[in-house]
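Notes follow the structure.
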Amino acid sequence: MTLRIALQKSGRLTDPSHALIQECGIEYERYNGRLKLTAYNFPVEILLLRDDDIPQSVARDVVDAAIVGENTVAEDASDIEIHRRLGFGRCRLSIAVPRSNSYTGISDLQGKRIATSYPTILSSFLDSHSVSAEIHSLSGSVEIAPSIGMADAICDLVSSGSTLLSNGLKEVETVFTSEAVLIARKQLPPEVLAILNKLISRIDAVQRAKSLKYIALNVPKDKVSAICEILPGLKSPSILSMPDSDWCSIHTVIEESNFWELIDQLKTNGAQGILVMPIEKLIE
Ligand code: PRT
Ligand code: ZN
């Protein structure tokens, strides 16, 4: 049995998706032009597809699972389960209008023409705000629709905002926020589900490790208890006493998110020689 997983063939999600699979210890060769890759050391087959085709490929049993933008799934999903959010490919689907327009609120969109490649997400957003507008579906180059007189507004993906800016548009409503997600068909055969779960537990280990740092520091013995209170480790820190010295060494794991604040507090409490190391994987 193998798990068939789709990744984007070529685009924004391609490199980070391969990187994640490879960080999970899964090895395969990427050949130019080859659309099906088989791993040497894990029962997985990787199919490279256009992102727009991925949700349907999962729903129709062409593949079992995939990494794709959540926006694509929300636009075109049925019988699909989102198993994990992956933290890359972040963007938002936003409504934008010409910069010269005054915009006072969502009711300004009533009766307007809005161009988008995401008609399903947009129409449910407008419905939820009781706005009725004419939705024009376009498969690309949505941002030029207002300047050629095809629409009054657009609804498109935004990350830095520079595309909107260079097309004389301003972002006025956020419709949906998105990132890459790991999806799979509901009701997979048990053997395939078991492989998927194995992959998910590896992804969890990789993701968890990225949010943590291993630190080692030297601390005066009389400051150990004060410092241990500051350190919110996974478990209590390891304390290595140095014989014939007033110092000991503390080792622990901390969250990346409050890293700098914590380091400042440790220094204030007398810690020295603070060594910080990345963690490759964390299996809990
Ligand atoms: O060939 P294929 O159909 O597979 O690729 P594609 O060109 O349709 O997709 P691609 O590679 O552009 O995007 C794949 C996924 O990346 C999307 O489905 C999103 O989940 C995610 N993503 C993240 C983005 C962006 N950021 C993004 N900025 N997808 C598209 N954009 C486009 C947007 O449409 C607009 O044209 O980038 C432009 C805006 O970017 P900024 O930085 O100027 O705001
Ligand atoms: Zn696409």
If unit charges are put on Cβ atoms (+1 for Lys and Arg, -1 for Asp and Glu) and the dipole of the chain is taken about its Cα centre, the option from Ile254, Ile26, Leu126 lying farthest towards the positive end turns out to be Ile26
Under the helix-only model (-39500 (n - 2.57) for each DSSP H run of 4 or more, divided by the residues of the chain), the mean residue ellipticity at 222 nm, to 500 deg cm²/dmol, is -7500 deg cm²/dmol
Treating cross-link reach as a plain straight distance, find the aspartates and glutamates whose alpha-carbon is under 20 Å from the alpha-carbon of Lys36, omitting any fewer than eight places away in the same chain.
Asp15, Glu23, Glu27, Glu45, Asp51, Asp52, Asp53, Asp61, Asp64
For all pairs of alpha-carbon atoms in the chain, what percent lies in each bin of width 10 Å, listed from the first bin to the last filled one?
6, 22, 21, 19, 18, 10, 3, 1, 0
Determine the distance separating the Cα centre of the stretch 224-284 from the Cα centre of the stretch 8-27; give it in Å without decimals.
33 Å
Most packed first (mean Cβ within 10 Å per residue), the peptides 253-259, 64-70 order as 64-70, 253-259
A chain fully extended from His136 to Asp61 at 0.36 nm per residue, minus the present Cα-Cα distance, gains in nm 24.0 nm
Options Leu182, Val172, Gly149, ranked by Cα towards positive dipole end of the stretch 126-284, top entry (Cβ charges)
Leu182
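Given R₀ = 51 Å, FRET efficiency for Ile106-Asp244 by Cβ-Cβ distance, to 0.05?
That gives a FRET efficiency of 0.10.
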Quick one: compute a quarter of the convex hull surface over the Cα atoms of the stretch 24-134 and quote it in nm².
10.0 nm²
Taking r as the C-beta separation of Leu193 and Arg90 and R0 as 30 Å, the FRET efficiency to the nearest 0.05 is 0.60
What does the convex hull of the Cα atoms come to per residue for the stretch 87-160, in Å³?
110 Å³
Roughly how many nanometres apart are two label points built 7 Å out from the Cα toward the Cβ at Thr163 and Ser128?
2.2 nm
Would you work out what percent of the accessible area of the chain, with all protein chains in place, is carbon or sulfur (probe 1.4 Å)?
48 percent
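Rounded to the nearest 0.05, what FRET efficiency is calculated for Arg208 and Ser78 with R0 set to 35 Å and r the Cβ-Cβ distance?
Working from the Cβ atoms, E equals 0.65.
Pairs to check: Lys9/Lys186; Lys9/Lys281; Lys223/Lys267. Give those whose C-alpha atoms are more than 20 Å from each other in this structure.
In this structure, Lys9/Lys186; Lys9/Lys281 exceed 20 Å between Cα atoms.
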In whole angstrom, how far apart do the alpha carbon centroids of the stretch 66-89 and the stretch 108-153 sit?
22 Å
Share antiparallel - DSSP beta bridges, the chain, percent rounded to 5:
75 percent
What do you get for Rg/Rh over the stretch 1-84 if you use C-alpha atoms and the Kirkwood form of Rh?
0.94
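Could you calculate, for the stretch 83-227, the ratio of the Cα radius of gyration to the Kirkwood radius, expressed as Rg to Rh?
For the stretch 83-227, the value is 1.22.
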On a 0 to 90° scale, report how tilted helix 14-23 is relative to the longest principal axis of the chain, with both axes built from alpha carbons and the result rounded to the nearest 10.
30 degrees
If I fit a long axis through the Cα atoms of helix 259-268 and take the longest principal axis of the Cα atoms of the chain, what angle between them do I get, 0 to 90°, rounded to 10?
30 degrees
Please state the relative contact order of the chain as a whole percent: Cα pairs under 8 Å, 6+ residues apart?
19 percent
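The values are calculated or read from the model by the stated rules, or taken from the named source; none is laboratory data. Please read these numbers as outputs of a predicted model, since none were measured by experiment. Using ideal geometry, Cβ is built from the backbone for each residue, glycine included, and neighbour counts are taken over all protein chains shown. Please note that ligands, DNA and RNA were not included when accessible areas were found on the heavy atoms of the full protein model with its side chains. Shrake-Rupley method; radii C 1.70, N 1.55, O 1.52, S 1.80 Å.
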